[in-house]
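S.K.: Pasting a structure here, questions to come.
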Amino acid sequence: MELTSAHLRYLLCIYELSRSAPAVSSAEIAGRLKVTKPSVSRMLAALMEKELLVKERYGKVYLTDEGAAVARGLEHNIAILAKNIPKMQLVMTPSEVREATRAIASVMPVGKRL
């Protein structure tokens with residue numbers, strides 16, 4: 001399955017939001033990612049087409065088992081990268097390390113675990 005870094009960014013966002021409540025709204029996703037609601041709607045349609053999430057009639061979004069597995073793999077890679085980037089002795093704040101790990105993990109092939 002071909003997933004872009006944008007697909008992965010949205011999956012990870014939904015996965016993280018679903019930790020506090022299983023159902024996630026489009027407005028929550030837009031707020032977290034700082035994107036417009038129409039952008040969220042387009043991406044949700046693309047992710048539904050790939051069977052990575054389902055959307056209920058009133059806008060609540062849930063990851064499928066496959067969508068959650070992809071997000072967990074991405075999260076795993078982010079954790080490994082976050083642990084190892086400081087060893088490179090780069091001068092980065094914790095926030096910069098977090099953003100760098102997300103960027104690197106999102107361009108790695110899906111299913112490739114560190």
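S.K.: Between Ser5, Ser26, Ser39, which is loosely packed, with under 15 Cβ neighbours inside 10 Å and in contact with a helix residue (DSSP H, G or I) (Cβ under 8 Å, 6 or more places away or on another chain)?
M.R.: The unique qualifying residue is Ser5.
S.K.: Let me ask something additional. Based on what the data block shows, is Arg57 open to solvent by 80 Å² or more (accessible area, probe 1.4 Å) and assigned to a helix (DSSP H, G or I)?
M.R.: It is false that Arg57 is open to solvent by 80 Å² or more (accessible area, probe 1.4 Å) and assigned to a helix (DSSP H, G or I).
S.K.: Any residue at all in the stretch 5-21 that is in contact with a Phe, Trp or Tyr (Cβ under 9 Å, 6 or more places away or on another chain) and assigned to a loop (DSSP other than H, G, I, E, B)?
M.R.: yes
S.K.: Which of the residues belonging to the stretch 42-51 are more than 14 Å from Ser106 (Cβ to Cβ), open to solvent by 20 Å² or more (accessible area, probe 1.4 Å) and either touching a residue at least 40 places away in the same chain (Cβ under 8 Å) or hydrophobic (A, V, I, L, M, F, W, C) (or both)?
M.R.: Ala45, Ala46, Met48, Lys50
S.K.: Mind checking whether some residue in the stretch 107-114 is in a helix (DSSP H, G or I), loosely packed, with under 12 Cβ neighbours inside 10 Å and modelled with pLDDT under 90?
M.R.: yes
S.K.: Can you pull out every residue in the stretch 70-103 that is hydrophobic (A, V, I, L, M, F, W, C), within 13 Å of the chain's Cα centre (by Cα) and either surrounded by fewer than 16 Cβ atoms within 10 Å (Cβ to Cβ) or not in a helix (DSSP H, G or I) (or both)?
M.R.: Ala103 - this is the single residue of the stretch 70-103 that is hydrophobic (A, V, I, L, M, F, W, C), within 13 Å of the chain's Cα centre (by Cα) and either surrounded by fewer than 16 Cβ atoms within 10 Å (Cβ to Cβ) or not in a helix (DSSP H, G or I) (or both).
The values are calculated or read from the model by the stated rules, or taken from the named source; none is laboratory data. Worth saying up front: this structure is predicted, and the values here are computed from it rather than measured. For neighbour counting, all protein chains shown are included, and Cβ atoms are generated from backbone atoms with ideal geometry for every residue, glycine included. Areas reflect the complete protein model, heavy atoms only, side chains present, ligands, DNA and RNA absent. Shrake-Rupley method; radii C 1.70, N 1.55, O 1.52, S 1.80 Å.
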